[in-house]
1. How many of the residues in the range 1-37 are over 26 Å from Pro172 (Cβ atoms) and open to solvent by less than 80 Å² (accessible area, probe 1.4 Å)?
2. Out of Thr115, Thr164, Thr153, which single residue is among the β-branched types (Val, Ile, Thr) and closer than 23 Å to Leu66 by Cβ?
3. Using the structure shown, decide if Met96 is assigned to a loop (DSSP other than H, G, I, E, B), within 17 Å of Gly141 (Cβ to Cβ), at pLDDT below 90 and not polar (S, T, N, Q).
4. Looking at the range 132-154 only, could you name the residues that are closer than 22 Å to Phe30 by Cα and of a type in the set (Lys, Arg)?
5. In the range 9-47, what residues are without any contact (Cβ under 8 Å) to a residue 12 or more places away in the chain and under 30 Å from Asp167 (Cα atoms)?
6. Pick out the one residue from Val123, Val51 that is open to solvent by 40 Å² or more (accessible area, probe 1.4 Å) and either modelled with pLDDT of 75 or more or more than 26 Å from Pro9 (Cα to Cα) (or both).
Amino acid sequence: MLIHPQFDPVAFSLGPLAVRWYGLMYLLAFFVGWGLARWRASRPGSGWKTVDVDDLLTFVMLGVILGARLGYVLFYDLPAYIDDPGEILRIWNGGMSFHGGLLGVLCAFWYFARTRKKSFLEVSDFIAPLVPQGLFWGRMGNFINGELWGKPTDLPWGVIFGGTAGDMPRHPSQLYEAFLEGVVLFCILQVLSRKKPLLPQGTFMGVFVMGYG
């Protein structure tokens, strides 16, 4: 059995500002996604400009942060935030929802598509192959924080997370998801992208949704 290292959630501090590992994972996801998106846009026949990528990822970043935060507030602990509304703005204390983030991203897609005269599916297909790498970094952040652990197990790679997880070995479900919805799904979508001219619009978004599920 393995014992979770109990990482300090704060990676480093800059005066009164504490930079958390989970926040760094978000930054990594955005910067890697930005680089991949600009590369995709620069390929012949992409139909995209790098300036479009910059604008779209700005909208997506806002959509992820606002959507993920509001989703967490509404779906997970609404009474606590009603008692202390100021806590909604304290994102450095943690609390982000994938479901809310996804809704925020879809709103960003819709707004961008409307303003650039592109279809929603065209925008979705462009971004979908970039998302799994972001999920990978997010799940690694979950593992560092020692959260979202799995059920008890007696397998040799079971991890003792301690804290609210107790002293029993559990599946490191964060690492399973980082590999499957991160690495594997990313590879599948990259292989499909080579056949893009032969595939109908919406294929990449559909494969991503099914793969994530």
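1. Within the range 1-37, residues that are over 26 Å from Pro172 (Cβ atoms) and open to solvent by less than 80 Å² (accessible area, probe 1.4 Å) number 5.
2. On the way: Thr164 fails: closer than 23 Å to Leu66 by Cβ; Thr153 fails: closer than 23 Å to Leu66 by Cβ.
When all the criteria are applied, what remains is Thr115.
3. Numbers: assigned to a loop (DSSP other than H, G, I, E, B): yes; within 17 Å of Gly141 (Cβ to Cβ): yes; at pLDDT below 90: yes; not polar (S, T, N, Q): yes.
Against the criterion (assigned to a loop (DSSP other than H, G, I, E, B), within 17 Å of Gly141 (Cβ to Cβ), at pLDDT below 90 and not polar (S, T, N, Q)), Met96 qualifies.
4. Hit for the range 132-154 is Arg139, nothing else.
5. The answer is Val10, Phe12, Val19.
6. Numbers: Val123 fails: open to solvent by 40 Å² or more (accessible area, probe 1.4 Å).
Just a single option satisfies the conditions, and that option is Val51.
The values are calculated or read from the model by the stated rules, or taken from the named source; none is laboratory data. Keep in mind that what you see is a predicted model, and the values were worked out from it rather than measured. A quick note on method: Cβ atoms are made from the backbone with ideal geometry, for glycine too, and the neighbour counts reach across all protein chains shown. Areas reflect the complete protein model, heavy atoms only, side chains present, ligands, DNA and RNA absent. Shrake-Rupley method; radii C 1.70, N 1.55, O 1.52, S 1.80 Å.
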